[in-house]
Amino acid sequence: MESISEKEKMSFVFVHGFQGWGSYDKRYRKMPYWGMRCGDLIAWLNGKGYHAYAASVSPIGSAWDRACELYAQLVGTRVDYGAAHSREYKHERYGQDYTGRALIPHFDAETKLVLIGHSFGGATNLFTELMANGDTEERAATIPDHISPLFVGGMGNRIKSVAAVAAGQNGNSTYEIPNGYRREGDDVRIPWWSKLLSFRVTNANRRGADDGRDARDYAEYDMHIDTARRINQRISVLPHVLYLSVPCSFTKKNQAGFFVPEKGMEAVFVMRSLQMGRFLGRTKGGVVLDESWWENDGRVSTISETVPFGAPQTPLDKNKLRAGVWNVYHVHHGDHMSLQGGLVRKHDIRSFYKEMLEMIIGFQEKQNKCSSE
């Protein structure tokens, strides 16, 4: 009998960012989030023999809610946000039912899961933590027969790799701008068209009328730097998992010493990029935002996209990948959507992700060989 290759065993799940969409959403068929301007990346990867999937989690939901939705899609069950969480944040405990519509066929102990998150999709780190260790509050608040396995944990061995692409793992400094915007040196002149585009896109997918849900249970709250820090403090690094991080930058330093957008940045990002490129301040929680936060990709500071602060890291060496630490790519030259396919400008991302997937497969093959010797 012919043995099954590592490539065939692995499931590559792509998780979209804030205001994004996946394969369960109708709009994905018209405009795929992954490979938007260069064709459906997921379909292309599947055509190359990879088992690739595009998850659909709440475009504006919190990291917690997204983790619960991702689990339900993978397993093929109804979303359970948890008894304790739903009570604390004032919303229904149960959400959409994916029974019979599992993203991955036969999600079980033999599953080899690779998670690739773009932007706020990088908050899948919380999902890996719940898969491995569950949640003590949910276990205390729920009758054992009625608790989601996600909150019980013990499934961390199913996750083989996590890749964070242009993911603001330490939060987004743009939310602090009203508290300390710097204008010394050359005055910032924001084009009117960038202001208009930024306003329209930012407000297009925000929550509408008050539905009673706690304001802390949304992505925008989690993307604040202080909140991101609290989330990161509860997340452990799993020793067997290959962690990859791809920070991005599309700014350059001008004569005044500020960082300004490079020509070709998506127009919708120009305003925020100019503001981030010269902002100084301090969060309510005491995080100092100095010049190290100025380099950015138009949406997130590059320093925030590197690794969760305090987490173990090493520069990416494709020949010496290490599990249990963040293997950090050299900063990718491109704006926030350049590795997603682009909003208006076309970016062919197929070779980038094919190379990433092959690297992950090769690492797993070496791990298997070492464990069998």
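Here, P(r) means the percent of Cα pairs in each 5 Å bin from 0 to the largest distance; for the stretch 307-346 it is 6, 20, 19, 15, 17, 14, 7, 1.
Relative contact order of the stretch 106-155: 36 percent, from C-alpha pairs under 8 Å at least 6 residues apart in sequence.
3J(HN,Hα) along the stretch 269-282, derived from phi through the Karplus expression 6.51 cos²θ - 1.76 cosθ + 1.60 where θ = phi - 60°, amounts to 9, 4, 4, 5, 5, 4, 5, 5, x, 8, 8, 10, x, 8 Hz, with x in place of Gly and Pro.
Distances over 27 Å make up what percent of all Cα-Cα pairs in the stretch 211-368?
Of all Cα-Cα distances in the stretch 211-368, 35 percent exceed 27 Å.
3J(HN,Hα) couplings calculated from phi for the stretch 222-234 with the Karplus curve 6.51 cos²θ - 1.76 cosθ + 1.60 (θ = phi - 60°) are, in sequence order, 5, 7, 5, 4, 5, 5, 4, 5, 5, 5, 5, 5, 9 Hz; Gly and Pro show x.
May I ask you to derive the relative contact order of the stretch 266-307, considering only C-alpha pairs under 8 Å and at least 6 residues apart, and to give it as an integer percent?
Numbers: 47 pairs, mean separation 14.9, N = 42.
Relative contact order here is 36 percent.
Cα convex hull, the stretch 19-138: 114 Å³ per residue, rounded to a whole number. For the chain, take the convex hull of the Cα atoms, compute a quarter of its surface area, and give me that in nm², please. Taking the Cα atoms of the chain, their convex hull projects to 19.8 nm² on average. Checking the cross-link pairs 160/320; 112/354; 30/112 against a 21 Å limit on the alpha carbon distance flags 30/112 as lying beyond it. Where the centre of each part is set by its Cα atoms, how far does the stretch 1-63 sit from the stretch 136-177, in angstrom? Each part's Cα centre sits 20 Å from the other's.
Based on the Stokes-Einstein relation at 37 °C and a viscosity of 0.692 mPa s, and on the Kirkwood radius from alpha carbon pairs, the stretch 17-66 is assigned a translational diffusion coefficient of 286 µm²/s.
Charging the Cβ of each Asp and Glu at -1 and of each Lys and Arg at +1, and nothing else, the dipole of the chain about its Cα centre rounds to 880 debye. Considering only 271, 149, 86, the residue lying farthest towards the positive end of the dipole of the chain is 271, judged by Cα position with unit charges set on Cβ. In the stretch 81-125, inverting the average of 1/r over every pair of distinct C-alpha atoms gives 13.5 Å as the Kirkwood radius.
FYI, it's all coordinate maths here, none of it is from the lab. These numbers were taken from a predicted model, which means no experiment stands behind them. Cβ coordinates were reconstructed from backbone atoms using ideal geometry, including for glycine residues, and neighbour counts include every protein chain displayed.
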